1. As I understand it, the value is the acute angle between the Cα axis of helix 79-90 and the longest principal axis of the Cα atoms of the chain; what does it come to in degrees, rounded to 10?
2. Per residue, how much accessible area does the range 75-167 have with a 1.4 Å probe, in Å²?
3. How many angstrom separate the Cα center of the range 93-167 from the Cα center of the range 1-18?
4. With a point put 7 Å past each Cα toward its Cβ, work out how far residue 5 is from residue 155 in nm, to one decimal.
5. When the label point is put 7 Å from the Cα of residue 142 along its Cα-to-beta-carbon vector, which residues of the range 1-34 have a backbone N closer than 19 Å?
6. Given a Förster distance of 25 angstrom, what is the FRET efficiency for residue 35 paired with residue 167, based on the Cβ-Cβ distance and rounded to 0.05?
7. Compute the acute angle (0 to 90°) between the alpha-carbon long axis of helix 24-33 and the principal axis of greatest extent of the alpha-carbon atoms of the chain; round to the nearest 10°.
8. Keeping all protein chains in position, work out how much accessible area residue 63 exposes to a 1.4 Å probe, and write it in Å² to the nearest 10.
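The values are calculated or read from the model by the stated rules, or taken from the named source; none is laboratory data. The model shown is predicted, which means the values in this text are computed figures rather than measured ones. Counting neighbours? That spans all protein chains shown, and the Cβs are built from the backbone with ideal geometry, glycine included. Just so you know, the surface numbers come from the protein's heavy atoms only, side chains and all, with ligands and any DNA or RNA stripped out. Shrake-Rupley method; radii C 1.70, N 1.55, O 1.52, S 1.80 Å.
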Amino acid sequence: LVSADGVPLWGARTRERLPPASLTKMMTALVVVESLPADAVVTVSARAARAGGARMGLAAGARLTVDALLAGLLLRSGNDACLALAERVAGSEQAFVVRMNRRARELQLADTHFANACGFDAPAHFASAEDLAVLARQVLAVPALARLTARKRHAAVGEDGRRYPLE
């Protein structure tokens, strides 16, 4: 799908339900910023620290702000940051996914359903190009998220002073 200012210019199979992979993290970020202040502190769980795939390099017990973890989520596509944020917002990834799907319905994303917070392939985890375009516009309408996604580099800093370089 190619669109400008929300107006579709060209598309092919734009309603086809496909695995969204890490584009899932757009919804994760949106739900997080709508749920927590940027300066709230998150303690990384052992489960989040063990997350596979792309990572920030978080250890269990590390304490970072929501803003620092959002940077890791959006710039590094960090699954450890993703799980830490989901658990902080809703207590568990499963409860967070319920919120993600509720928000998808509110945005009328008819061809989107989430099975996890980070974008791992699963049978009930899909989104269409049209829905992802709507979601991207929502994310970019949040000034803090627009600023983060525009960055090429950032150094997130934990409460203990440890720096997490992100590109």
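1. Computed tilt is about 90 degrees.
2. 51
3. 19
4. Rounded to a tenth, the inter-label distance reads 4.1 nm.
5. 20-34
6. 0.40
7. Approximately 60 degrees, to the nearest 10.
8. Near enough 110 Å² of accessible area.
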